[in-house]
1. Of these, 26, 32, which one is in contact with a helix residue (DSSP H, G or I) (Cβ under 7 Å, 6 or more places away or on another chain) and more than 22 Å from residue 279 (Cβ to Cβ)?
2. State yes or no: is residue 229 in a loop (DSSP other than H, G, I, E, B) and hydrophobic (A, V, I, L, M, F, W, C)?
3. Does residue 316 count as under 30 Å from residue 360 (Cα atoms), free of Cβ contacts under 8 Å to residues at least 60 places away in the same chain and surrounded by 13 or more Cβ atoms within 10 Å (Cβ to Cβ)?
4. Of the residues in the range 108-135, how many are over 17 Å from residue 204 (Cβ atoms), free of Cβ contacts under 8 Å to residues at least 40 places away in the same chain and within 20 Å of the chain's Cα centre (by Cα)?
5. Given 14, 75, 33, which one is outside any helix (DSSP H, G or I) and either among the charged types (D, E, K, R) or outside the structural domain of residue 273 (by TED's automatic domain parsing) (or both)?
6. Could you give me the residue pairs with C-beta distances under 9 Å whose first residue belongs to the range 166-188 and is in the same structural domain as residue 112 (by TED's automatic domain parsing) and in a strand (DSSP E or B), whose second residue is surrounded by fewer than 19 Cβ atoms within 10 Å (Cβ to Cβ) and of a type in the set (Gly, Ala, Ser) wherever it lies, and which are 6+ apart or on separate chains?
7. Determine whether residue 152 is under 23 Å from the mean Cα position of the chain (by Cα) and either crowded, with 19+ Cβ neighbours inside 10 Å or at pLDDT below 95 (or both).
8. Can you tell me which residue within the range 113-136, out of those that are among the small types (Gly, Ala, Ser) and crowded, with 16+ Cβ neighbours inside 10 Å, is farthest from residue 87 (Cα to Cα)?
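The values are calculated or read from the model by the stated rules, or taken from the named source; none is laboratory data. This one's a predicted model, so the numbers in the text were calculated from it and none came from an experiment. Every residue, glycine as well, gets a Cβ built from its backbone with ideal geometry; the counts of neighbours run over all protein chains shown.
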Amino acid sequence: MKIVVDENIPQAQEAFNSFGELIFANGRKISNELLTDVDVLLVRSITNVDEKLLSGTNVKFVATATAGTDHIDKEYLISNEITFADAAGCNSFSVAEYLIAALSNISSKNNFSFNEKSFGVVGIGNVGSKVVRFAKSLGFNILQNDPPQERRLGTKDFVQLEEILKCDIISFHVPLTHSGIDKTYHMLNEKNLNQIKSGAILINTSRGEVVDNKVLKQRLQNNNDLITVLDVWENEPNIDFELLEKVNLCSAHIAGYSLEGKVNGTEIIYNKLCDFLGVTQNWKAKYHTISNSVITIDKKLSLEELLNNIINQIYTIEDDDKLLREGKNLSLQLQAKHFDNLRKNYPVRREFNNYTIKLNFEDPETKKKLESLRFNVI
């Protein structure tokens, strides 16, 4: 068996080498010619898997080690009897934790309390549901929008997008879809972006095309009255650096790039390939031990100060921001390469549940809030 593997899928050598010959390739350079006599294709999010890529090949199984699937032409796969597998939910905690890190950073700079803010979450799937869970535990007033779920479950827990756009914080966690009543392409656009009030916080960690980047750039250039966090961009890796200069926190589509998030993706598609082939699952992902995993807090702080203190010892979101901005003065071609390199060479980031918080004071309520974020608290 011959298997083409995106070179950025972690631990792929260990997971898949028992199946046959592995051919590792840059995800943007996987071509029809490369796949001519290949049986299995394993990708991440940057390879468009469609008729152009697969026509005339022997590929019978395609998997993406990512939660998003907008780069996969599922109809083509079905019509050609090619089995498809995704890794839905693999990095959902990673994205939710990135968002909490961003809000903690913004809170420290703007001196607001979490319980003062209304928080509108658009898309209550694997990621959005965890964002809601975390944010509720921290005291935010949560509003939810998810039309497909609303139709299934009723209206009690959901509001219309117009209500979300009135919130102090607005965060998108939807898949990218281009058609149908639940189309998410340019969900935030020239008709509704100006409904967002001055001073609101806008966060997008879903897909760049969910927010019309040109319209957002125009608002920020004209008024500069939103606090914006963008991890995803239209036209990646050829992103708009004029827009980037106007946002408050930026990163190179790495919100889901915790070590756990990436390796979970490998393990999920490994298990699904085993199921497809009818073989026993006998590989498990490996994680190295974290040094300095105990964080000691000696005195009582406000929840916002405490969380910022803890998260800065785990993950400094401003480092990702600074690294992406370093591409500003490069040529367009090198800017795109810079974006991809930041993703390819992303440093190890571990999730909250790997850390123990030692509180040297009694505070049951704070302990409960930290435990709700999956920290171990002693």
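1. Of the residues listed, the single one that is in contact with a helix residue (DSSP H, G or I) (Cβ under 7 Å, 6 or more places away or on another chain) and more than 22 Å from residue 279 (Cβ to Cβ) is 32.
2. No.
3. Considered against the rule, which asks whether it is under 30 Å from residue 360 (Cα atoms), free of Cβ contacts under 8 Å to residues at least 60 places away in the same chain and surrounded by 13 or more Cβ atoms within 10 Å (Cβ to Cβ), residue 316 comes out as yes.
4. 1
5. 33
6. Qualifying pairs under 9 Å: 169/118.
7. Taking the combined requirement at face value, the residue does not satisfy it.
8. 118
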